[in-house]
Amino acid sequence: KNEVEQSPQNLTAQEGEFITINCSYSVGISALHWLQQHPGGGIVSLFMLSSGKKKHGRLIATINIQEKHSSLHITASHPRDSAVYICAVGTSGSRLTFGEGTQLTVNP
Amino acid sequence: GAVVSQHPSRVICKSGTSVKIECRSLDFQATTMFWYRQFPKQSLMLMATSNEGSKATYEQGVEKDKFLINHASLTLSTLTVTSAHPEFSSFYICCASFGDSYNEQFFGPGTRLTVL
């Protein structure tokens with residue numbers, strides 16, 4: 001069992017839909033990161049969370065430390081949101097452990 | 001927010017040659033640089049961690065003589081692929097961190113290496 005598991009692995013949505021991507025982890029963490037990777041490969045850091053909730057534009061990230069679970073929400077999804085979304089947890093020291101990613105496709 | 005750049009963004013080289021990839025933190029001092037490798041359809045794998053002025057710490061299975069990492073200043077780290085091999089073809093990504101908290105980590109845009 002992976003230390004970080006994401007669901008779903010693949011997600012297809014219509015433009016305008018509300019999207020949720022889930023991340024569960026089994027280790028103690030110092031922080032959780034949500035990353036976005038576009039088809040060209042470049043990675044963008046979306047959020048870094050250690051508790052509660054953060055919002056940036058149409059993106060919302062939440063984390064429940066007790067349940068070892070985080071969600072990334074996208075409101076009013078758009079085709080340009082199509083990318084791979086990666087959950088990564090920071091454990092002891094500096095190490096990040098990555099989930100396998102969720103491929104999101106938003107159709108017009 | 002903090003910006004990390006990588007150069008080149010894409011490189012094609014012949015087997016046996018040497019390739020250098022640069023990673024720069026543009027607006028902060030990166031005390032720690034992480035180098036990751038990502039094969040197609042796979043997640044990022046940590047190759048090594050380097051602290052400024054110290055030798056890099058390599059992950060198990062990474063050939064340190066094939067992947068030389070230098071972190072000579074607080075804004076620049078380099079990964080040199082020596083004697084490149086087609087199996088080294090991959091996407092290489094650096095990630096910079098500063099201060100005592102490693103929770104703030106900033107990713108570079110990545111370098112696509114193709115070895116012919």
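Note on the stretch B:76-87: residues that are within 13 Å of the chain's Cα centre (by Cα), surrounded by fewer than 22 Cβ atoms within 10 Å (Cβ to Cβ) and of a type outside the set (A, V, I, L, M) total 2. Candidates B:Leu113, B:Leu46: the one that is within 13 Å of chain A (Cβ to nearest Cβ) and open to solvent by less than 20 Å² (accessible area, probe 1.4 Å) is B:Leu113.
Among the conditions (1) of a type in the set (Phe, Trp, Tyr); (2) assigned to a loop (DSSP other than H, G, I, E, B); (3) open to solvent by less than 20 Å² (accessible area, probe 1.4 Å), the only one that B:Phe28 does not satisfy is (3).
Taken over the stretch A:65-85, the criterion of being open to solvent by 50 Å² or more (accessible area, probe 1.4 Å) and either hydroxyl-bearing (Ser, Thr, Tyr) or over 30 Å from B:Met47 (Cα atoms) (or both) is satisfied by A:Gln66, A:Glu67, A:Ala76, A:His78, A:Arg80. A count restricted to the stretch A:20-36 and to residues that are in contact with a Phe, Trp or Tyr (Cβ under 9 Å, 6 or more places away or on another chain) and surrounded by fewer than 22 Cβ atoms within 10 Å (Cβ to Cβ) stands at 3. The residues of the stretch B:60-74 that are surrounded by 15 or more Cβ atoms within 10 Å (Cβ to Cβ) and under 18 Å from B:Ile93 (Cβ atoms), listed by number, are B:Val62, B:Phe67, B:Leu68, B:Ile69, B:Asn70, B:His71.
Among the candidates B:Val19, B:Val62, B:Val115, the residue that is farther than 25 Å from A:Thr102 by Cα, under 14 Å from the mean Cα position of the chain (by Cα) and in contact (Cβ under 8 Å) with a residue 60 or more places away in the chain is uniquely B:Val19.
Across the stretch B:88-108, what is the total count of residues that are within 12 Å of chain A (Cβ to nearest Cβ), out of contact with any His (no Cβ under 8 Å at 6 or more places or on another chain) and open to solvent by less than 60 Å² (accessible area, probe 1.4 Å)? Adding up the residues that qualify gives 14.
Looking at B:Phe39, B:Phe88, just one residue is more than 17 Å from A:His38 (Cα to Cα), out of contact with any Gly (no Cβ under 8 Å at 6 or more places or on another chain) and not polar (S, T, N, Q), and that residue is B:Phe88. Checking each residue in the stretch A:86-108 for being open to solvent by less than 30 Å² (accessible area, probe 1.4 Å), closer than 11 Å to A:Val4 by Cβ and not in a strand (DSSP E or B) picks out A:Thr91, A:Gly99, A:Gly101.
The values are calculated or read from the model by the stated rules, or taken from the named source; none is laboratory data. Note that the coordinates shown come from a computational prediction; the quantities given were computed from them, not determined experimentally. Cβ atoms come from the backbone with ideal geometry, glycine included; neighbour counts cover every protein chain shown. Note: accessible area is taken over every heavy atom of the protein model, side chains too, but ligands, DNA and RNA are not part of it. Shrake-Rupley method; radii C 1.70, N 1.55, O 1.52, S 1.80 Å.
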